[in-house]
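For reference, the structure discussed in these notes is given below.
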Amino acid sequence: MADAVSPTAAAEEEKVDGVAEEEVVNPWEVSGKIDYDKLIDKFGCQRLDDSLIDRVRRLTSVPPHVFLRRGVFFAHRDFNDILDAYEKGDKFYLYTGRGPSSEALHLGHLIPFMFTKYLQDAFKVPLVIQLTDDEKCMWKNLTVEESQRLARENAKDIIACGFDVSRTFIFSDFDYVGGAFYKNMVKVAKCVTYNKVVGIFGFTGEDHIGKVSFPPVQAVPSFPSSFPHLFTGKENLRCLIPCAIDQDPYFRMTRDVAPRIGYHKPALIESLFFPALQGENGKMSASDPNSAIYVTDSPKEIKDKINKYAFTGGQDTKEKQRLYGANLEVDIPVKYLSFFLDDDEELEHIKKEYGSGRMLTFDVKKRLIEVLTELVERHRRARAAVTDEMVDAFMAVRPLPNMFN
Amino acid sequence: MGYTKEQLLSRLQELRVDFTKYEHPAVLTVEAQAMYVGNVEGALSKNLFLKDKKQRFYIVSALANTNVDLKVLSQRLGLGKGGVRMAPEEALGEILQVPLGCVTPFAVINESARHVSLLLDQGFKSQKRCIFHPLSNDTSIALSANDLDNFLRSVGRDPLYVDLEANPKVGKDQPPDLAALVPSDSIDLPEISKKAPSSQSSVEKKISADVKPNAVKAKAVKTTDAVKTKDKTAILQPPVSFSDPGQFVEEILDKTSALLLSEITEESIQQHGGNLGVFVSDNIRKRLSSKLKNLAIIFKNTSYTEGFHAGTHHQPRRQ
C-alpha cells in the first residue's frame, strides 16, 4: 500500500511549479491542498460522525481512540453494517498493510497501525497485515531480495506497534501468494476489464504488465477464503479495512467485484493525511529527513526538528502573538498535538490559549516535543524487543485458535 | 561450548551426507592444506571471515582460485567501498568457535554464529566435490555442494550461492545486488548472548547526525554505551526483561510505586484527605493502564515466540 502521508514520496512525476495545483489523490500520488469534504463526495464514501463514535464506545466499553475523537479517521464505507453484525454476535476481521519501500518509518506511517491496534484490542478480533513487497519491487524498481528484506524490516516496526501475536498474521506477497489466495486473485481479475483499471489507476500503454495485474493482490485479503489456515468454516466473516483515504480506489474496485463472486463487500474506515513538518504545502519525502519525525530519531533530533522546521501559525514576535494569537489552521505543532495528545481537555486548553495569544509557539512546541519523544521512545523500546524469531512467528502460516477471545 | 569435529561428522552421517575424510597435520593456510589434500578428488576452498563497520559478520567461502575482491564485495553488499574487512581473531573464537585458520561453512552449526551471513561461491556447484575443514584444522572433508546444502538446511540455513567474481555496477539506479545478504542483526563482542537491539543497525541512507563513529567501532555492549553517545535522556532497557517474569513484574511495580510516590504529596493529602486512596488509585489506572498494557503485549509476544521456536525445532518423539 502507498503511505498515508501528504504528499507521498511515491509521487512519480515532478510537480509543476505554480500555485493552486489540481489536487491528486490515488494510491501512488497525493498532492495539492486536500479538500476532504469534496473528496468524500467525489469518492462516494461517508463521514464518520459522532453517533458512530458513540456507538463504538458503547459496543467496546473502552474510550474511543484519539484518532476517532479528533476526526483523523473521518470517513467510512459500511462501518455501520460491521457494527450491526457485531452487536448480533457476528465478529469480523481486520485487514491493513504496508508497501515496504524504505527502511526508515516516520510517524505518518505508524498512524494506520496505531489505529488498527486499537481496533484489534477494542473489538477483540483477528488481523491480517499485507506487506506488498511485490508492489514496491515493481513500482520502485527494487530487486526482489531487497524488497523482501525491507518487508521483514518493516514488519519489525509494525510488530512494535503492539499487535497481539495470537491474533495477528503478517504476510509478504512474495511469500504468500499462491493457493487459495491466488484463486481469489484470478476470480477478481476476471471481473475487472483492462479499461476499468486504466480508469481507476491511470495506467498507460507504457506501464508494464506487472503493474496492471497488481490490483487483485491488494484486493483479495478482503475475502476470508484467501486465508484457509485462519478462516476455514467462516466464509461469511466480514472484513474491515483501516487505511488512508488514498487507498480508496483499490477497495472501490474490490467492493464492486465482491458481490459478483459471492463475497461480502469489505468495509472501510479511512484516515486523512498526516501533514509534513513544513505544513500542508510541504512534501514529506524520504530524501529530506527534516520533513518528518522518524521512529529512529533521538530526543535531540526530535527537539531540533520541531524547533527548526515545524511550520507554525504563531506570529513573528511575542508582542504580535499576544495581540493577534496564532493561526491554528496552518499551525503544525497544534495539528500534530491533535493527532498524538490523548488528553482532550489539555488540547482544548492549548488551542484556546494559543489561538488567543496567551500561549507562545515556544510552549506549544515544547509540549509537542515531550509527547513525540515519549511516543518514539516507547516505539523504540518495543522495536528492540522484536527478534527475527518473533517476525517468523508473526509471519508463520499457523492457526490462531484464540483469535476471537 | 561449540560443536566438535566429531559431533559435526556424526551429524553429517545422520544426514546421510556422502563425505570423504582426510586427516593430516594441522594446517593454517590453503597452501599447507594443499600439500596433504591437493591431489584428492575435490576442489580446495578458501574461507574468509569478514566484518563490516556495524558489527555484522560474514563467512565468504570460495574455490581457492576464485578471485575475491573485498572492495567489490563491499559495494555489492551495499556497504560502500572498504565497508568490509577481515574480522579480528577474537571474533573467530567467540562467534564461529573455530581455531585460527579454520574458517568453514560448517561453523554455522554453532548458535553463536546464527547471525553470520554465509556467502558461497557459485563455482562450488560446478565441482564434483569441494574440500572444507570440519571445525578442525587437522582434518579436511570432501563433499558435493548438494550435500553441503543439505547440511545447511538441516541447521535452518538457506544456502546462498553468489558469483563472487562478478563486478556489477552499483549506483543510484542499480541497487547493490547482495544487499539482501547483509545480516539484520549485529553481534556484540564479547557478550554474544545479549543481542544488540535490531533498531541500532540502521540503514546507510538514514542520516543519523549524532551517532558518533566511536559508538559503531566500540566493542562494548551496545545498549547502554550507544545510548550515552546518542545523547538520550531515557535509558534503553535491554530486551531481557521481556522474557523474565520476575523482571517484568519488577518493572510494573517500579512504575506504579514511582507514580504513587509522586501523587502522594502534602498538597494532595490536604486536598483529598481520606479520599486520597481513591484519587491516587484512579490516577494510577488512568496514567499507567496503556503503558502497562504495552509492556504486557511485548511480554506475551516474546513468550509466544519462544514457544513457537520450541515447537518448530522440537524433535518428534522416537517411536
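Considering the stretch B:22-75 alone, what residues qualify as being under 15 Å from residue B:162 (Cα atoms) and of a type in the set (Phe, Trp, Tyr)?
Correct list: B:58 only.
If we keep just the residues of the stretch A:126-147 that are among the β-branched types (Val, Ile, Thr) and buried (at least 20 other Cβ atoms within 10 Å of the Cβ), which is farthest from residue A:65 (Cα to Cα)? Show your work before the answer.
Initial filter on the stretch A:126-147 (among the β-branched types (Val, Ile, Thr)): A:128-129, A:132, A:143-144.
Next, from what is left, pick out any that are buried (at least 20 other Cβ atoms within 10 Å of the Cβ): A:128-129, A:132.
Working: A:128: 20, A:129: 20, A:132: 27 Å.
Ranking the qualifying residues of the stretch A:126-147, first place goes to A:132.
Would you check if there is a residue in the stretch B:22-30 being among the hydroxyl-bearing types (Ser, Thr, Tyr), part of a strand (DSSP E or B), on the phi < 0 side of the Ramachandran plot and open to solvent by 40 Å² or more (accessible area, probe 1.4 Å)?
Let us first name the residues in the stretch B:22-30 that are among the hydroxyl-bearing types (Ser, Thr, Tyr), namely B:22, B:29.
Now restrict to residues that are part of a strand (DSSP E or B): B:22.
Imposing the further condition that a residue be on the phi < 0 side of the Ramachandran plot reduces the set to B:22.
Next, from what is left, pick out any that are open to solvent by 40 Å² or more (accessible area, probe 1.4 Å): B:22.
Among the residues of the stretch B:22-30, at least one is among the hydroxyl-bearing types (Ser, Thr, Tyr), part of a strand (DSSP E or B), on the phi < 0 side of the Ramachandran plot and open to solvent by 40 Å² or more (accessible area, probe 1.4 Å), which makes the answer yes.
Based on this model, can you work out whether residue A:75 counts as surrounded by 12 or more Cβ atoms within 10 Å (Cβ to Cβ), in contact (Cβ under 8 Å) with a residue 60 or more places away in the chain and either more than 27 Å from residue A:275 (Cα to Cα) or basic (Lys, Arg) (or both)?
Details: surrounded by 12 or more Cβ atoms within 10 Å (Cβ to Cβ): yes; in contact (Cβ under 8 Å) with a residue 60 or more places away in the chain: yes; either more than 27 Å from residue A:275 (Cα to Cα) or basic (Lys, Arg) (or both): no.
No: the conditions fail for residue A:75.
Only one of B:178, B:189 is at pLDDT 85 or above and either open to solvent by 10 Å² or more (accessible area, probe 1.4 Å) or touching a strand residue (DSSP E or B) at 6+ places or on another chain (Cβ under 9 Å) (or both); which? Explain how you work it out, then say what you get.
On the way: B:189 fails: at pLDDT 85 or above.
Residue meeting the stated conditions: B:178.
Could you please let me know if residue A:265 is part of a loop (DSSP other than H, G, I, E, B), at pLDDT 95 or above and open to solvent by 10 Å² or more (accessible area, probe 1.4 Å)? Break it down stepwise before answering.
On the way: part of a loop (DSSP other than H, G, I, E, B): yes; at pLDDT 95 or above: yes; open to solvent by 10 Å² or more (accessible area, probe 1.4 Å): yes.
Yes: the conditions hold for residue A:265.
Looking at the stretch A:36-53, can you tell me whether even one residue there is among the hydroxyl-bearing types (Ser, Thr, Tyr) and closer than 30 Å to residue A:155 by Cα?
Initially, the stretch A:36-53 is screened for residues among the hydroxyl-bearing types (Ser, Thr, Tyr), giving A:36, A:51.
From what is left, the residues that are closer than 30 Å to residue A:155 by Cα are none.
No, the stretch A:36-53 contains no residue that is among the hydroxyl-bearing types (Ser, Thr, Tyr) and closer than 30 Å to residue A:155 by Cα.
Filter the stretch B:288-305 down to residues that are more than 16 Å from residue B:247 (Cα to Cα), more than 8 Å from chain A (Cβ to nearest Cβ) and surrounded by 15 or more Cβ atoms within 10 Å (Cβ to Cβ), then give me how many there are.
Summing the residues that are more than 16 Å from residue B:247 (Cα to Cα), more than 8 Å from chain A (Cβ to nearest Cβ) and surrounded by 15 or more Cβ atoms within 10 Å (Cβ to Cβ) in the stretch B:288-305 gives 1.
Free of Cβ contacts under 8 Å to residues at least 40 places away in the same chain, charged (D, E, K, R) and more than 24 Å from residue A:201 (Cβ to Cβ), is that true of residue A:70? Don't jump to the end; show me each part of the working.
Numbers: free of Cβ contacts under 8 Å to residues at least 40 places away in the same chain: no; charged (D, E, K, R): yes; more than 24 Å from residue A:201 (Cβ to Cβ): yes.
The answer is no for residue A:70.
Please go through (1) surrounded by 22 or more Cβ atoms within 10 Å (Cβ to Cβ); (2) closer than 15 Å to residue B:170 by Cα for residue B:50 and return the number of the only condition it doesn't satisfy.
Every listed condition holds for residue B:50 apart from (2).
Which residues, taken from the stretch B:157-175, are open to solvent by 30 Å² or more (accessible area, probe 1.4 Å), within 13 Å of chain A (Cβ to nearest Cβ) and either in contact (Cβ under 8 Å) with a residue 60 or more places away in the chain or hydrophobic (A, V, I, L, M, F, W, C) (or both)?
Scanning the stretch B:157-175 gives B:160, B:168, B:170, B:175.
So is residue B:229 surrounded by 14 or more Cβ atoms within 10 Å (Cβ to Cβ) and either within 11 Å of chain A (Cβ to nearest Cβ) or at pLDDT below 85 (or both) or not? Working first, answer last.
Details: surrounded by 14 or more Cβ atoms within 10 Å (Cβ to Cβ): yes; either within 11 Å of chain A (Cβ to nearest Cβ) or at pLDDT below 85 (or both): yes.
Answer is yes for this residue.
Are any of the residues in the stretch A:62-84 in a helix (DSSP H, G or I), outside the structural domain of residue A:345 (by TED's automatic domain parsing) and under 22 Å from residue A:291 (Cβ atoms)? Explain how you work it out, then say what you get.
Step one: list which residues in the stretch A:62-84 are in a helix (DSSP H, G or I), which gives A:66-69, A:79-84.
Subsequent filtering for residues that are outside the structural domain of residue A:345 (by TED's automatic domain parsing) retains A:66-69, A:79-84.
Applying the additional criterion that residues be under 22 Å from residue A:291 (Cβ atoms) yields A:67.
Within the stretch A:62-84 (the criterion being in a helix (DSSP H, G or I), outside the structural domain of residue A:345 (by TED's automatic domain parsing) and under 22 Å from residue A:291 (Cβ atoms)), the answer is yes, since at least one residue qualifies.
Which members of the stretch A:86-125 meet the condition of being open to solvent by less than 10 Å² (accessible area, probe 1.4 Å) and assigned to a helix (DSSP H, G or I)?
Those that are open to solvent by less than 10 Å² (accessible area, probe 1.4 Å) and assigned to a helix (DSSP H, G or I): A:107, A:108, A:110, A:111, A:113, A:115, A:116, A:119, A:120, A:123.
Using the structure shown, decide if residue A:390 is buried (at least 20 other Cβ atoms within 10 Å of the Cβ), assigned to a loop (DSSP other than H, G, I, E, B) and within 14 Å of chain B (Cβ to nearest Cβ). Steps first, please.
Values: buried (at least 20 other Cβ atoms within 10 Å of the Cβ): yes; assigned to a loop (DSSP other than H, G, I, E, B): no; within 14 Å of chain B (Cβ to nearest Cβ): yes.
Judged against the criteria, residue A:390 is not a match.
Do the conditions hold for residue B:136, that is, is it under 26 Å from the mean Cα position of the chain (by Cα), modelled with pLDDT under 85, assigned to a loop (DSSP other than H, G, I, E, B) and surrounded by fewer than 21 Cβ atoms within 10 Å (Cβ to Cβ)? I'd like the intermediate steps shown before the answer.
Numbers: under 26 Å from the mean Cα position of the chain (by Cα): yes; modelled with pLDDT under 85: no; assigned to a loop (DSSP other than H, G, I, E, B): yes; surrounded by fewer than 21 Cβ atoms within 10 Å (Cβ to Cβ): yes.
Spelling it out, it is not the case that residue B:136 is under 26 Å from the mean Cα position of the chain (by Cα), modelled with pLDDT under 85, assigned to a loop (DSSP other than H, G, I, E, B) and surrounded by fewer than 21 Cβ atoms within 10 Å (Cβ to Cβ).
Quick check on my filter: what residues within the stretch B:98-126 are within 20 Å of residue B:38 (Cα to Cα) and buried (at least 18 other Cβ atoms within 10 Å of the Cβ)?
Within the stretch B:98-126, the subset within 20 Å of residue B:38 (Cα to Cα) is B:101-105, B:121, B:123-126.
Selection gives B:102, B:103, B:104, B:105, B:121, B:123, B:124.
Take the conditions touching a Lys or Arg at 6+ places or on another chain (Cβ under 8 Å) and among the hydroxyl-bearing types (Ser, Thr, Tyr) and apply them to residue B:144. Does it pass?
Numbers: touching a Lys or Arg at 6+ places or on another chain (Cβ under 8 Å): yes; among the hydroxyl-bearing types (Ser, Thr, Tyr): yes.
So residue B:144 fits the description; yes.
Any residue in the stretch A:338-359 that is open to solvent by 70 Å² or more (accessible area, probe 1.4 Å), under 24 Å from the mean Cα position of the chain (by Cα) and over 30 Å from residue B:294 (Cα atoms)?
No, the stretch A:338-359 contains no residue that is open to solvent by 70 Å² or more (accessible area, probe 1.4 Å), under 24 Å from the mean Cα position of the chain (by Cα) and over 30 Å from residue B:294 (Cα atoms).
Could you name every one of the helices (runs of 4 or more DSSP H) located completely within the stretch A:159-203 that has at least 2 residues being within 14 Å of chain B (Cβ to nearest Cβ)?
Numbers: elements: A:173-176, A:179-190, A:194-201.
Fully inside the stretch A:159-203 and qualifying: A:173-176.
Out of A:176, A:182, report the one residue that is aromatic (Phe, Trp, Tyr) and crowded, with 20+ Cβ neighbours inside 10 Å. Steps first, answer last, please.
Numbers: A:182 fails: crowded, with 20+ Cβ neighbours inside 10 Å.
Matching residue, one of A:176, A:182: A:176.
Restricting attention to the stretch A:35-61, report how many residues are in a loop (DSSP other than H, G, I, E, B) and surrounded by fewer than 14 Cβ atoms within 10 Å (Cβ to Cβ). First the steps, then the outcome.
Applying the first criterion (in a loop (DSSP other than H, G, I, E, B)) to the stretch A:35-61 yields A:35, A:44-45, A:48-49, A:61.
Next cut, surrounded by fewer than 14 Cβ atoms within 10 Å (Cβ to Cβ) only: A:35, A:44, A:49, A:61.
Looking only at that region, the number is 4.
With the checklist (1) at pLDDT 95 or above; (2) crowded, with 22+ Cβ neighbours inside 10 Å; (3) within 20 Å of the chain's Cα centre (by Cα) in hand, flag the one item residue A:246 doesn't pass.
Only one criterion in (1) at pLDDT 95 or above; (2) crowded, with 22+ Cβ neighbours inside 10 Å; (3) within 20 Å of the chain's Cα centre (by Cα) is unmet by residue A:246, namely (1).
Is it fair to say residue A:330 is more than 14 Å from chain B (Cβ to nearest Cβ), open to solvent by 30 Å² or more (accessible area, probe 1.4 Å), over 19 Å from residue A:67 (Cβ atoms) and of a type in the set (A, V, I, L, M)? Spell out how you get there, then give the answer.
Working: more than 14 Å from chain B (Cβ to nearest Cβ): yes; open to solvent by 30 Å² or more (accessible area, probe 1.4 Å): yes; over 19 Å from residue A:67 (Cβ atoms): yes; of a type in the set (A, V, I, L, M): yes.
So residue A:330 fits the description; yes.
If residue B:87 satisfies all but one of (1) farther than 28 Å from residue A:103 by Cα; (2) buried (at least 20 other Cβ atoms within 10 Å of the Cβ), what's the number of the condition it fails?
It is condition (1) that residue B:87 fails.
The values are calculated or read from the model by the stated rules, or taken from the named source; none is laboratory data. Predicted model only: the values in this text are computed from it and were never measured. Every residue, glycine among them, receives a Cβ derived from its backbone with ideal geometry; neighbour counts consider all protein chains shown. These accessible areas exclude ligands, DNA and RNA; they are computed on the full protein's heavy atoms, side chains included. Shrake-Rupley method; radii C 1.70, N 1.55, O 1.52, S 1.80 Å.
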